[in-house]
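The values are calculated or read from the model by the stated rules, or taken from the named source; none is laboratory data. Since this is a predicted model, take the numbers as computed values, not measurements. Ideal geometry is used to build each Cβ from the backbone, glycine not excepted, and the neighbour counts take in all protein chains shown. The accessibility values were calculated without ligands, DNA or RNA, using every heavy atom of the protein model including side chains. Shrake-Rupley method; radii C 1.70, N 1.55, O 1.52, S 1.80 Å.
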Amino acid sequence: MINYIYQLVAPKLISVKYSDVSSENKVIIRPEYMAICHADQRYYLGQRSPKVLKEKLPMALIHECVGRVVKDNTGNFEIGQKVVMIPNIPKEQSNVIYENYNKGSYFLSSGHDGFMQELVYMPADRVVAYKDIDSKIAAITEFVSVAIHAINRFDSLAHNIRNRIGIWGDGSLAFTVASMLKELQPSSSIIVVGKHSSKLSHFSFVDETYTIDYLPKGFEIDHAFECTGGEGSYYAIDDIIKYIAPQGTVSLMGVSENRVPIYTRNILEKGLTFVGCSRSGRADFERAVELMQNKIVQNRLSTIINYEGVAKNVSDIHGIFKADLSNPFKTVFQWEL
């Protein structure tokens, strides 16, 4: 079957690839709504190194996507059923290593074609059905699953003094982590430390918010999530090490292209645990769908979603990526190519 794949072949240059795809043992899905991730934007703008761009391109972008089943040759789904697709594709299983860290895994929209296609052909175990969730909100399920994965790892590693959990960052990732912590760690006070008062105003559901320059005297947290990334990682990690209590767990989630210096003396003196968290697996997607069926969670997530309309041609794709640059949170759009 011939499929249309909209590939980024060079920064800001998208070309249509025609591919003959086998549908054997696959679920065929027509994408409906997509969300843009910072990683997509970095590829689109050419903000990765020339070496990385040469290795990864050409490829279709987008790894946050929901759609409807067109045909299922595996017998697991109904035609027309709403589904979210898992971009992490494991080639082997382990009882120890999570599928998103397994060396045999690969990730769609990172060296392999993402979901900007006419149809997507997925193994059945990479597809999760959903209902009772607005599809514009369901489009960020992958993003929510990343937060859930990090919280699950935190839950399995951190000590039980969890009175105050701090989050450094005031963007989409920090917001989503805070939202999921309120559901999964309900007895903890959630404190968000950010840079922009305007963004922090969206975090009305947490217990405390502070700008980085005005932390109160005696401020302390038991554990922390770093959700800044980029050049802000250094300052966030430095603050966390300063304000975290002994033997706290620090979950690192922000992506930085450059090396970040870390003050190891205080890490050793406090006996801190640092945990790197990235991407997610099927169990995280299933839990995300379950939590997102809660109308309170949906309403909360809807406040960081900016709907940018319908992509009907390549020009629309360029326009949506341009609009995303001025959006402080998540950009979602409808796919009709």
Given the convex hull of the Cα atoms of segment 90-244, what is a quarter of its surface area in nm²?
-> 11.9 nm²
Between the helical axis of 172-184 and the dominant principal axis of the chain, each derived from Cα atoms, what acute angle in degrees is found, rounded to the nearest 10?
-> 70 degrees
Sticking with the crude label model, points 7 Å out along Cα→Cβ, report the distance from K312 to D207 in nm, one decimal please.
-> 5.1 nm
For the chain, find the longest principal axis of its Cα atoms and tell me its angle to the long axis of helix 141-157, 0 to 90°, nearest 10.
-> 40 degrees
FRET efficiency for K91 and K217, using Cβ-Cβ distance with R0 set to 51 Å, rounded to 0.05 | 0.45
antiparallel share of DSSP beta bridges within the chain, to nearest 5, in %, is 55 percent
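Using only Cα atoms, what is the ratio of the radius of gyration of segment 1-145 to 2.2 N^0.38 Å?
Details: Rg = 15.2 Å, N = 145, 2.2 N^0.38 = 14.6 Å.
Cα Rg divided by the expected 2.2 N^0.38 Å: 1.04.
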Which residues make up the longest stretch of the chain clear of trypsin sites (Lys or Arg not before Pro) that lie in a DSSP loop with no more than 14 other Cβ atoms within 10 Å, not counting the sites?
-> 132-216
Mind checking the per residue accessible area of the chain for me, 1.4 Å probe, whole number of Å²?
-> 46 Å²
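Normalised radius of gyration for segment 162-237, please: alpha carbon Rg relative to 2.2 N^0.38 Å, two decimal places.
Details: Rg = 11.3 Å, N = 76, 2.2 N^0.38 = 11.4 Å.
Relative to the 2.2 N^0.38 Å estimate, segment 162-237 comes out at 0.99.
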K199: which lysines have alpha carbons under 18 Å from its alpha carbon, excluding same-chain residues fewer than 8 sequence positions away?
-> K330
Specify which residue in the list G281, I191, I221 is farthest towards the positive end of the charge dipole of segment 182-288, using unit charges on the beta carbon of Lys, Arg (+1) and Asp, Glu (-1), about the Cα centre.
-> G281
For the chain, with all protein chains present and a 1.4 Å probe, just round the carbon and sulfur fraction of the accessible area to a whole percent.
-> 47 percent
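Note down the relative contact order for the chain as a percent, whole number, built from C-alpha pairs under 8 angstrom at least six residues apart. Can you show the working numbers first?
Values: 701 pairs, mean separation 59.6, N = 337.
RCO, the chain: 18 percent.
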In Å and from the alpha-carbon atoms only, list the Rg and Dmax of segment 244-337.
-> 19.4, 57
Would you please state the base-10 log of I(q)/I(0) at q = 0.12, 0.16, 0.17 1/Å for segment 162-301, with intensities from the Debye formula using one equal scatterer on every alpha carbon?
-> -0.47, -0.84, -0.95
Please identify, among H149, H223, H202, the residue showing maximal mean-square fluctuation in a Gaussian network model of the chain using a 10 angstrom Cα cutoff.
-> H202
Per the Kirkwood definition applied to all pairs of different Cα atoms, how many angstroms is the hydrodynamic radius of the chain?
-> 20.7 Å
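Go through K17/K82; K26/K136; K182/K295; K82/K136 and tell me which ones have a Cα-Cα distance over 18 Å in this structure. Intermediate values should be presented prior to the final figure.
Numbers: K17/K82 26 Å; K26/K136 25 Å; K182/K295 14 Å; K82/K136 12 Å.
Pairs exceeding the cut-off: K17/K82; K26/K136.
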MRE, 222 nm, helices only [DSSP H, n ≥ 4, -39500 (n - 2.57), over the chain, to nearest 500] = -8500 deg cm²/dmol
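Stretched out fully, how many nm does the piece from A124 to L325 gain, at 0.36 nm a residue minus the Cα gap? It would help to have the intermediate numbers written out before the result.
Working: separation 201, 0.36 × 201 = 72.36 nm, distance 3.43 nm.
Length difference between fully extended and current span is 68.9 nm.
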